[in-house]
Amino acid sequence: EQVSELPEALQRYFEACGYIGSPMIHNACITFREVPFSLAPDKDPMPISYQQYNTLQRPDRIAFINGDMYCTPFQGMDYYVSGEGDFTGVLAKHIEVAHSSGTGEDVNRAFLVTYLADSILMPSIFLADYVTCTEVDSATVRVAISYYGVQAEGLLRFNEDGEITAFTCEDRLYDDGQGVSFPARWTVQIADYRLDQSLGVRRPH
């Protein structure tokens, strides 16, 4: 009954991945290990560990980053809480080397759409009353989110197996390196679905 009003492609996704009949996910802790991460297109990637916490009651998201840059510990915090988003990265706990830039509304929209992209790993987000899902065609669904007076949206693409293969939006920000940010296309590609024995569902790895 919960998914019956969603677009057919999303209904197939819930069924194909085994979410029908499984417990609703209200809070999630998601961990990424040894992920190639770059602060800018011209910067060499560095391996980082990334642990984030998402809530369903309201679209809040906090992520903590640990890595090494120039053989020096790098740490960061990436968050969207109570309608405000920010990212800060520091070396050796004291030297700030990265910080989100842009106007408040654009920055907050960029962080909100990142939360929306996390719905791929926490699909109960699709059922939240602050998210609207609209069919574009049999393999494409537009998802929009509105909360704290901020709105954002993106497109989901599906394959013939009912799996989500991509999330694309125009609401993320690109920093030109000169302190100027502007909205740019951003795509998350998803593949390698496997059965998660602990959850009993298929999800990307």
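The values are calculated or read from the model by the stated rules, or taken from the named source; none is laboratory data. Small disclaimer: the values here were computed from a predicted structure and weren't measured. Virtual Cβ from ideal backbone geometry, glycine too; neighbours counted across all protein chains shown. In case anyone asks, the SASA skips ligands and DNA or RNA and just uses the protein heavy atoms, side chains included. Shrake-Rupley method; radii C 1.70, N 1.55, O 1.52, S 1.80 Å.
Looking only at the stretch 115-131, how many residues end up being among the hydroxyl-bearing types (Ser, Thr, Tyr) and either part of a loop (DSSP other than H, G, I, E, B) or farther than 30 Å from Tyr19 by Cα (or both)? Reasoning before the result, please.
Filtering the stretch 115-131 down to residues among the hydroxyl-bearing types (Ser, Thr, Tyr) leaves 115, 119, 124, 130.
Now narrow it down to the ones that are either part of a loop (DSSP other than H, G, I, E, B) or farther than 30 Å from Tyr19 by Cα (or both): 130.
Of the residues in that region, 1 qualify.
For the stretch 21-65, which positions are modelled with pLDDT of 90 or more, of a type in the set (Lys, Arg) and surrounded by fewer than 17 Cβ atoms within 10 Å (Cβ to Cβ)?
Of everything in the stretch 21-65, those that are modelled with pLDDT of 90 or more, of a type in the set (Lys, Arg) and surrounded by fewer than 17 Cβ atoms within 10 Å (Cβ to Cβ) turn out to be Arg33, Arg58.
Which one of these is assigned to a helix (DSSP H, G or I) and either over 22 Å from Gln2 (Cβ atoms) or modelled with pLDDT of 90 or more (or both): Leu173, Leu112?
Within the list Leu173, Leu112, the selection yields Leu112.
Mind telling me which of the residues Asp106, Asp86, Asp68 ends up being under 18 Å from the mean Cα position of the chain (by Cα), more than 21 Å from Glu153 (Cβ to Cβ) and at pLDDT below 90?
Step by step, each of Asp106, Asp86, Asp68 is checked, and only Asp86 is under 18 Å from the mean Cα position of the chain (by Cα), more than 21 Å from Glu153 (Cβ to Cβ) and at pLDDT below 90.
Consider Glu15 carefully, then state whether it is open to solvent by 50 Å² or more (accessible area, probe 1.4 Å), of a type in the set (Asp, Glu) and touching a strand residue (DSSP E or B) at 6+ places or on another chain (Cβ under 9 Å). Spell out how you get there, then give the answer.
Numbers: open to solvent by 50 Å² or more (accessible area, probe 1.4 Å): yes; of a type in the set (Asp, Glu): yes; touching a strand residue (DSSP E or B) at 6+ places or on another chain (Cβ under 9 Å): no.
It is false that Glu15 is open to solvent by 50 Å² or more (accessible area, probe 1.4 Å), of a type in the set (Asp, Glu) and touching a strand residue (DSSP E or B) at 6+ places or on another chain (Cβ under 9 Å).
Looking at the stretch 133-154, is at least one residue within 22 Å of Leu112 (Cβ to Cβ), modelled with pLDDT of 95 or more and charged (D, E, K, R)?
yes
For the stretch 36-64: of the residues being of a type in the set (D, E, K, R) and not in a strand (DSSP E or B), which is nearest to Asn108 (Cα to Cα)?
My answer is Asp60.
Among the residues of the stretch 18-27, are any in a strand (DSSP E or B) and without any contact (Cβ under 8 Å) to a residue 60 or more places away in the chain?
Within the stretch 18-27, one or more residues are in a strand (DSSP E or B) and without any contact (Cβ under 8 Å) to a residue 60 or more places away in the chain.
Within the stretch 65-76, can you find the residues that are out of contact with any Asp or Glu (no Cβ under 8 Å at 6 or more places or on another chain) and not in a loop (DSSP other than H, G, I, E, B)?
The answer is Asn66, Gly67, Asp68, Met69, Thr72, Pro73, Gln75, Gly76.
Taking Lys93 and the conditions (1) outside any helix (DSSP H, G or I); (2) open to solvent by less than 30 Å² (accessible area, probe 1.4 Å), which numbered condition does it fall short on, given that it satisfies the others?
Status for Lys93: all satisfied but (2).
Give me the residue from the stretch 146-205 that is among the polar types (S, T, N, Q) and open to solvent by 80 Å² or more (accessible area, probe 1.4 Å) and, out of that set, farthest from Pro123 (Cα to Cα).
The extreme case among them is Gln178.
Within the stretch 77-86, restricting attention to residues that are touching a residue at least 24 places away in the same chain (Cβ under 8 Å) and part of a strand (DSSP E or B), which residue is surrounded by the most Cβ atoms within 10 Å (Cβ to Cβ)?
Just the residues of the stretch 77-86 that are touching a residue at least 24 places away in the same chain (Cβ under 8 Å), to begin with: 78-80, 82-86.
When the remaining residues are screened for being part of a strand (DSSP E or B), the result is 78-80, 84-86.
Numbers: Asp78: 19, Tyr79: 18, Tyr80: 26, Glu84: 14, Gly85: 22, Asp86: 14.
Of everything passing the filter in the stretch 77-86, Tyr80 is surrounded by the most Cβ atoms within 10 Å (Cβ to Cβ).
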